[in-house]
Amino acid sequence: MSILCGLPILECVYCLGCARWLWQKCLYTAGHESENWGLATAEEFEPVPRLCRLILSVYEDDLRYPLWAPPGGYGINPDWVIVKRTYEETGGCATPYMIYLDHDNVDIVLAIRGLNLAKESDYAVLLDNKLGQTKFDGGYVHNGLLKAAKWIFDTECELLRDLVEMNPDYRLTFAGHSLGAGIVSLIAMYAVQNRDKLGTIERKRIRCFAMAPARCVSLNLAVRYADVINSVVLQDDFLPRTTTALEDVYKSIFCLPCLLCLMCLKDTCTLEEKKLKDPRRLYAPGRLYHIVERKPFRIGRFPPVVRTAVPVDRRFEHLVLSCNATSDHTIIWLERESQRAVDLMLEKDRIMEIPAQQRMRRQESLAREHSEEYEAALRRAIALDIPQASYSPSYGTFAEVEEGESSGSSGGSGSLLSFKRMREGWDNFIERLFDVDESGRMVFKKSST
């Protein structure tokens, strides 16, 4: 009898847990996770839509006669394609990819396409992982993605070295989408660890753009390589938020209610501190860019806003209940919305008529800001007692900032947020003082009195 009396209490506790879980999932729509992040600038975000188009071009059989080109085309020169690998050439070890020598943007780009739902080899790469299976550089990484990354790097290492040596002023950029995003993230990390194989290339010339990436690195590596890797996420994209092991997702695809029930219990009963201190838990890599284009309880898409940060906690920890969770993952929507965001940023800069000298100063301040944010994230990781987190002021792309400039970064994330709010406050101040006339020039607002 006592057991039967306790059943209603257990049911109430379970219902409360499910209600909390559902409330969290609904609350985290519309960019709640990134609401305190700073706004990205056109200078730092400009490569994203261009690289999205380059990734899309990998899907084409013949770049001279494209079948799936977006409006305006891919914007590439087929004669600058150095090599283009197909599934037959990779032998299932990796997805198809392309090496492109972009003379217009002074870039050597290795672009990798995303998951092919019709290829078993892609599933084999994605599902080849167990919790804590593979260590790399003091942290944990996805086993199957690391194998694919090493295979591509070893295959194209000599070619990349020759291109780097023949073009000493060019950047080496890795770009990929979905499965390919996880692979290029690990290629970038592996390349940084083996720069001697690429000739005389500095770490600051290596960068990576991971579009809608899978969770592939532990938290200490995600923060430590934030100066090299940039992850781009469109609104409610499900993959960077998928904390459940991918093999369990596919095994449970025919019993989705059971999977949701287990995820509900797990999310409700697991403390955030425990998640952070699990060294085997994987996260989206590097600096995060979040494109937000929808608002809660509103219909339709709004002008996209891009927010960026190097967060230690709240790195897309919650799967969002949204009808756009899968469409936001597609490279087509990502390219379209990122291009809209860049166009809006450039239009705002044009209206404000920023002089060239001031624009150069803004780029320098942006580099300092990223350096401060990067160092603040490393310090926060140590403060939160993240396993194997370490801080070294000489680590990463931004280590060449002068000591006098970097000495003010010791205030941590608090001073960083205040700096960003000051910048946003200045923009609002300008908008209150000035209007744009019919010719597009800025003029003082007329007093309403």
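Looking at Glu156, Glu120 in this structure, which one is over 21 Å from the mean Cα position of the chain (by Cα) and open to solvent by less than 30 Å² (accessible area, probe 1.4 Å)?
Result of the check over Glu156, Glu120: Glu156.
Which count do you get for residues in region 284-302 that are farther than 14 Å from Asn230 by Cβ and among the aromatic types (Phe, Trp, Tyr)? Going through region 284-302 one residue at a time, the tally reaches 2.
Of all residues in region 204-218, those that are in contact with a Pro (Cβ under 9 Å, 6 or more places away or on another chain) and either in a strand (DSSP E or B) or open to solvent by less than 10 Å² (accessible area, probe 1.4 Å) (or both) total 10. Tell me, yes or no, whether region 178-190 has at least one residue that is open to solvent by 10 Å² or more (accessible area, probe 1.4 Å), in contact with a strand residue (DSSP E or B) (Cβ under 7 Å, 6 or more places away or on another chain) and on the phi < 0 side of the Ramachandran plot. No. Of everything in region 310-352 that is assigned to a helix (DSSP H, G or I) and of a type in the set (Ser, Thr, Tyr), the residue that is modelled with the highest pLDDT is Ser338. Residues that are open to solvent by 60 Å² or more (accessible area, probe 1.4 Å) and within 25 Å of the chain's Cα centre (by Cα) within region 74-84 comprise just one, Gly75. All conditions but one from (1) out of contact with any Lys or Arg (no Cβ under 7 Å at 6 or more places or on another chain); (2) modelled with pLDDT of 90 or more; (3) surrounded by 19 or more Cβ atoms within 10 Å (Cβ to Cβ) apply to Val58; the one that does not is (1). The single condition among (1) open to solvent by 10 Å² or more (accessible area, probe 1.4 Å); (2) modelled with pLDDT of 95 or more that Pro168 does not meet is (2). Kindly indicate whether Leu67 is open to solvent by 70 Å² or more (accessible area, probe 1.4 Å), more than 23 Å from Pro49 (Cβ to Cβ) and of a type outside the set (D, E, K, R). Answer is no for this residue.
If the condition is being open to solvent by 30 Å² or more (accessible area, probe 1.4 Å), closer than 30 Å to Ser371 by Cβ and among the hydrophobic types (A, V, I, L, M, F, W, C), then region 290-327 contributes only Val305.
With respect to (1) of a type in the set (Gly, Ala, Ser); (2) surrounded by 19 or more Cβ atoms within 10 Å (Cβ to Cβ); (3) touching a Ser or Thr at 6+ places or on another chain (Cβ under 7 Å), the lone exception for Gly92 is condition (2). Looking at region 79-172, the strands (runs of 3 or more DSSP E) lying wholly inside it that each contain 1 or more residues that are free of Cβ contacts under 8 Å to residues at least 60 places away in the same chain, in contact with a helix residue (DSSP H, G or I) (Cβ under 6 Å, 6 or more places away or on another chain) and within 30 Å of Ala381 (Cβ to Cβ) sit at 134-136.
The values are calculated or read from the model by the stated rules, or taken from the named source; none is laboratory data. Worth saying up front: this structure is predicted, and the values here are computed from it rather than measured. A quick note on method: Cβ atoms are made from the backbone with ideal geometry, for glycine too, and the neighbour counts reach across all protein chains shown. Note: accessible area is taken over every heavy atom of the protein model, side chains too, but ligands, DNA and RNA are not part of it. Shrake-Rupley method; radii C 1.70, N 1.55, O 1.52, S 1.80 Å.
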